């Protein structure tokens, strides 16, 4: 049995949305000292929709694949849907991650939520009562 799914390998070899966004509306950065992975997510938000998203990740293949897939899952979606993204959804979209690599999908979720919190800190009027 292969350690990584074809989707993980595809997103590792051909990551989507790599880079930065100048004057991003929200930026979130997270890291895991134990494994050394660092993720940074940049958001451009127009009328409550994630118009663009980019990432920079320093880490293992699972971290890169998780970042890539997470950006694909939220691009073009309302901010509320992006805020609801879970690490489980990221892992499922990748057709699974080994248990000892699930922290990579957690980092992707946290980086996106941190970027959204950064956006809300700059635009508190955009936060909807939930």
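Residues that are assigned to a helix (DSSP H, G or I) and farther than 30 Å from residue 3 by Cα do not occur anywhere in the range 27-48. In the condition set (1) outside any strand (DSSP E or B); (2) surrounded by 13 or more Cβ atoms within 10 Å (Cβ to Cβ); (3) touching a strand residue (DSSP E or B) at 6+ places or on another chain (Cβ under 9 Å), residue 96 is compliant with all but (3). Here the range 60-73 is the region considered, the condition is being in a helix (DSSP H, G or I) and over 8 Å from the mean Cα position of the chain (by Cα), and the residue that is surrounded by the most Cβ atoms within 10 Å (Cβ to Cβ) is 65.
Taken over the range 38-59, the residue count meeting the criterion of being touching a residue at least 24 places away in the same chain (Cβ under 8 Å) and either over 13 Å from the mean Cα position of the chain (by Cα) or surrounded by fewer than 14 Cβ atoms within 10 Å (Cβ to Cβ) (or both) is 5.
Of the residues that make up the range 107-126, is at least one more than 18 Å from residue 50 (Cβ to Cβ) and either modelled with pLDDT of 95 or more or touching a helix residue (DSSP H, G or I) at 6+ places or on another chain (Cβ under 6 Å) (or both)? Checking the range 107-126: at least one residue is more than 18 Å from residue 50 (Cβ to Cβ) and either modelled with pLDDT of 95 or more or touching a helix residue (DSSP H, G or I) at 6+ places or on another chain (Cβ under 6 Å) (or both). State yes or no: is residue 91 closer than 13 Å to residue 113 by Cα and either crowded, with 22+ Cβ neighbours inside 10 Å or in contact with a strand residue (DSSP E or B) (Cβ under 8 Å, 6 or more places away or on another chain) (or both)? Judged against the criteria, residue 91 is not a match.
Condition check ((1) under 15 Å from residue 111 (Cβ atoms); (2) at pLDDT below 95; (3) in contact with a strand residue (DSSP E or B) (Cβ under 9 Å, 6 or more places away or on another chain)) across all residues:
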| site | (1), (2), (3) |
| --- | --- |
| 9 | no, no, no |
| 21 | yes, no, yes |
| 24 | yes, no, yes |
| 30 | yes, no, yes |
| 43 | yes, no, yes |
| 49 | no, no, yes |
| 53 | yes, no, yes |
| 64 | yes, no, yes |
| 82 | yes, no, yes |
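Here residue 91 passes the criteria (1) in contact with a helix residue (DSSP H, G or I) (Cβ under 7 Å, 6 or more places away or on another chain); (2) touching a residue at least 40 places away in the same chain (Cβ under 8 Å) except the one numbered (2). When residue 3 is tested against (1) modelled with pLDDT of 95 or more; (2) surrounded by fewer than 18 Cβ atoms within 10 Å (Cβ to Cβ); (3) out of contact with any helix residue (DSSP H, G or I) (no Cβ under 6 Å at 6 or more places or on another chain); (4) part of a loop (DSSP other than H, G, I, E, B), exactly one condition is not met: (1). Within the option set 23, 17, being touching a residue at least 40 places away in the same chain (Cβ under 8 Å) and either surrounded by fewer than 16 Cβ atoms within 10 Å (Cβ to Cβ) or over 14 Å from residue 116 (Cα atoms) (or both) holds for one residue only, 17.
Is it the case, given these coordinates, that residue 51 is closer than 23 Å to residue 124 by Cα and outside any loop (DSSP other than H, G, I, E, B)? Considered against the rule, which asks whether it is closer than 23 Å to residue 124 by Cα and outside any loop (DSSP other than H, G, I, E, B), residue 51 comes out as yes.
The values are calculated or read from the model by the stated rules, or taken from the named source; none is laboratory data. As the structure is a computational prediction, the values presented were derived from the model and not from experiment. Cβ coordinates were reconstructed from backbone atoms using ideal geometry, including for glycine residues, and neighbour counts include every protein chain displayed.
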